[in-house]
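What follows is a single structure, written as structure tokens, with notes after it.
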Amino acid sequence: MSIAENINKLKTKLPSNVNFVAVSKTKPVSAIVEAYNGGQRVFGENKAQELANKHEELKDLDIEWHFIGHLQRNKVKYISSFVDLIHGVESIKLLQEIDKQAEKNNRVINCLLQFHIAKEDTKFGLSFDEANELLSSEGFKSLRNVQICGVMGMATYTDQKKMIAREFQELNTIFAKLRENHFVNQSEFKEISMGMSNDWPLAVEQGSTIVRVGSIIFGERNYIK
Ligand SMILES: *Cc1c(COP(=O)(O)O)cnc(C)c1O
């Protein structure tokens with residue numbers, strides 16, 4: 001199936017209140033253009049430099065660019081002038097750097113807090129207590145150029161559906177508690193970014209509002225150049 005067909009197939013299966021990011025990491029610009037021509041406008045990358053390069057090449061298209069991976073502080077400057085949503089924020093220091101670069105560009109950058117819900121140590125993210133502490137800190141309250149729009153997480157890579165569902169449910173609970181504790185009457189705090197190509201139906205069942213899918217749109221990635 002073509003990229004456009006893959007997009008249409010996913011759209012027919014996703015509930016209308018759930019959005020998706022087409023994860024184009026490692027894929028050529030031509031694949032992004034193909035998806036764009038198939039109607040897709042939201043794309044995600046996990047390397048700042050690669051994202052900056054693709055943005056530059058495609059700057060005439062009305063694409064919404066999301067950063068979805070682990071962002072290093074010294075790379076924020078490459079994407080701060082245009083990025084629409086940063087999914088993976090997990091420290092006050094990173095948030096402060098995003099705020100600083102956003103201010104330089106005279107804009108507010110939307111961010112999601114990343115949580116560690118998987119059983120794998122290799123995955124990044126905050127605990128609920130750490131997030132509470134971050135959101136209560138004076139350092140956070142002084143930031144003017146970042147907007148926290150919700151939460152993001154990745155489930156354990158396993159075929160045990162119950163375990164994946166439980167982890168996604170945990171993220172939904174974290175979202176609800178944070179909203180109650182820190183974002184009452186703030187309609188911007190509304191996103192739960194969870195679900196990838198292999199587990200997005202489980203994520204949608206557990207309340208995902210944004211799924212991040214790459215391989216089911218663009219085909220498998222080949223990391224060997
Ligand atoms: C690569 C990646 C995805 C998409 O992965 P697929 O399995 O290809 O859908 C989603 N989220 C993050 C954070 C990623 O790095």
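Read-outs throughout are calculated quantities, based only on the coordinates presented, and are distinct from any laboratory measurement. This is a predicted model, so every value here is computed, not measured. Glycine gets a Cβ as well: all are built from the backbone with ideal geometry, and neighbour counts include every protein chain shown.
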Exercise for review: Please work out the FRET efficiency for the pair Val33 and Lys77, using the Cβ-Cβ distance as r and a Förster radius of 25 Å; give the result to the nearest 0.05.
Suggested key: 0.40
Point to revise | In sequence order, calculated HN-Hα J values of segment 107-121 (Karplus, 6.51, -1.76, 1.60; Hz; x Gly/Pro) | key: 9, 10, 9, 7, 9, 10, 7, 8, 10, 8, 10, 7, 8, 9, 5
Practice item. List Phe20, Phe175 from most exposed to least, where exposure is judged by having the fewest other Cβ atoms within 10 Å. Key: Phe20, Phe175
Study note, to complete from the structure: Long-range alpha-carbon pairs in segment 173-225, meaning those over 19 Å apart, account in percent for 44 percent
Study note, to complete from the structure: Mean shadow area (nm²) of the C-alpha convex hull around segment 1-155 is 10.2 nm²
Review point. In which sequence would Ser24, Ser30 go, from the one with the fewest C-beta neighbours within 10 Å to the one with the most?
Key: Ser30, Ser24
Exercise for review: Pick out, in residue order, every one of the trypsin sites (Lys or Arg not before Pro) in segment 154-208 that is DSSP loop and has at most 15 other C-beta atoms within 10 Å; say none if there are none.
Suggested key: Lys190
Study note, to complete from the structure: PRE zone check, label point 7 Å out along Cα-to-Cβ of Lys100, amide N under 20 Å, scope segment 48-74, hits 48-49, 70-74
Practice item. Quick one: what are the phi-derived ³J(HN,Hα) couplings along segment 173-180, Karplus 6.51/-1.76/1.60 with θ = phi - 60°, whole Hz, x for glycine and proline? Key: 5, 4, 4, 5, 5, 5, 4, 5
Check your understanding: Based on the Cα gyration tensor of segment 104-179, what are the three equivalent ellipsoid semi-axes, each the root of five times an eigenvalue, rounded to whole Å and given largest first?
Key -> 27, 13, 11
**Study point:** Cα-Cα pairs of segment 20-64 separated by more than 14 Å (percent)
**Key:** 39 percent
Check your understanding: Exactly which GluC sites (Glu not before Pro) in segment 155-219 are in a DSSP loop and have at most 12 other Cβ atoms within 10 Å?
Key -> Glu188
Check your understanding: GluC sites (Glu not before Pro) within segment 45-132: which are DSSP loop residues with at most 13 other Cβ atoms inside 10 Å?
Key -> Glu120
Revision key, fill the gap. For segment 125-225 (alpha-carbon point model, no solvent) the Debye-based log₁₀ I(q)/I(0) at q = 0.11, 0.21 Å⁻¹ works out to -0.41, -1.07
Study note, to complete from the structure: Residues whose modelled amide H sits under 5 Å from the amide H of Asn110, counting only those 5 or more places away in sequence or on another chain, are Ile86, Gln147
Study note, to complete from the structure: Summing -39500 (n - 2.57) over every DSSP H run of at least 4 in the chain, dividing by its residue total and rounding to the nearest 500, the 222 nm mean residue ellipticity is -11500 deg cm²/dmol
Review point. Roughly speaking, what is the centre-to-centre gap between segment 94-144 and segment 20-50 when only Cα atoms are used, to the nearest Å?
Key: 25 Å
Point to revise | ³J(HN,Hα), Karplus 6.51/-1.76/1.60, whole Hz, each residue of segment 184-194, x for Gly, Pro | key: 4, 6, 10, 5, 5, 7, 9, 9, 10, 8, 8
